[in-house]
Amino acid sequence: MPIITAPAPPDTGEPPGGGGTPVPLPEIGRATATYTDPTGTVWPLTDIDSDIFTLAEGVSGLGATAYELTQDPHPRGGARLRHAQAQARTIVWPLYVQGADHTEFLARWRQLATAFTRTLREGPGSLELARPDGTRRRIAVYYQEGFEGESKAGYYRYSDAAVISLWCEDPYWVDPEPITEHRESSAGSSSFFVPYPTVASSQVLGATTLHNPGDVTVWPTWTVTGPASAITFTHAGTGESFTLDPNAAAIGHGNLLAGQKVTVSTDPPRVRYQNGDNWIGGLNWPTASLWGLAPGDNPVTFTLSGSGTGSAVDLSYNPRYETA
């Protein structure tokens, strides 16, 4: 457990509010931190003018993801890496809570404890770090332990500190601002010799390139807008592809009409029609591969059968990063 040295409590205080100013945090430099609990309440964590703020000296767990390596012995000595598995992350975050009197301090202490521990009952909260340049990274967190106080003389009267551990099932940091791409069929783009016109933004394209600025593979969400009788998504770099057929026997819907929408989530695998109906049976199992976008440039192709004016494919994903 890190040793925490808290400042002496002031005579007065203000309720938590505002994001505060950037403070130096270990492993990442200056940043402003906020915590959003499962109810959507936002708690500023680095506003030193409020009555709840971070003791940055004890913060840890913001660096690169830890991996478990699966190895195979090599006959000539050493080993060969077979697989690297990202491990769940634990973030240690010391917090100092104070009040103008014991009643005010105790109310804030209890509220903050509930804001973190309710993640075990209601789903994860999120810890977000914002940089002075405007960039932000976020991670989903569950309370693990540590909201106990310092147990020192003079504490728990007007103030106390808690060194809490936050468990992250997904160890990667996520940009909260999604990247979106839109491709729409061009009028007159089809040919008598090409029954499956390619979707394009402003011109007829046989392929396009999608750029993932993150550190690790992302799993996008696709939204298809009719008209269309079949849609194929192909990653030209890996050869992986999947096809959505609204005429599949498991669905029985028939062609997508103009304006009708279907959303395909690649992680977890999920296909939903606009009214919420489950269309997972419309994929070309067992050969369907719901591929992701690797870091960097990804050559991809979208082809629609039966497309027309208004046919479109929309892509959305949030870049993922190793560090905060």
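General observations
- Extreme residue, surrounded by the fewest Cβ atoms within 10 Å (Cβ to Cβ), among residues of the stretch 210-229 that are within 13 Å of the chain's Cα centre (by Cα) and among the hydroxyl-bearing types (S, T, Y): T217
- Test: residue in the stretch 112-127 that is modelled with pLDDT of 95 or more, more than 19 Å from V97 (Cβ to Cβ) and crowded, with 20+ Cβ neighbours inside 10 Å: yes
- Counted residues, the stretch 33-79 - those being part of a loop (DSSP other than H, G, I, E, B) and of a type in the set (D, E): 4
- Yes/no for G292 being under 16 Å from H182 (Cα atoms) and small (G, A, S): no
- Selected residue (criterion: surrounded by the most Cβ atoms within 10 Å (Cβ to Cβ)) from residues of the stretch 159-180 that are more than 17 Å from the chain's Cα centre (by Cα) and either at pLDDT below 90 or polar (S, T, N, Q) (or both): S159
- Matching residues in the stretch 127-160 - criterion: being under 19 Å from V23 (Cα atoms) and of a type outside the set (A, V, I, L, M): E128, R131, P132, D133, G134, T135, R136, R137, R138
- When the criteria are applied in full, L256 meets the requirement of being over 23 Å from the mean Cα position of the chain (by Cα) and in contact (Cβ under 8 Å) with a residue 24 or more places away in the chain.
- Against the list (1) within 23 Å of E177 (Cα to Cα); (2) part of a strand (DSSP E or B); (3) among the hydroxyl-bearing types (S, T, Y), the condition T303 fails is (1).
- Summed over the stretch 306-319, residues that are more than 28 Å from E177 (Cβ to Cβ) and modelled with pLDDT of 95 or more total 0.
The values are calculated or read from the model by the stated rules, or taken from the named source; none is laboratory data. Remember, predicted model here, so these are calculated numbers, not experimental data. When we count neighbours, we look across all protein chains shown, and the Cβ atoms used for this are built from the backbone with ideal geometry, even at glycine.
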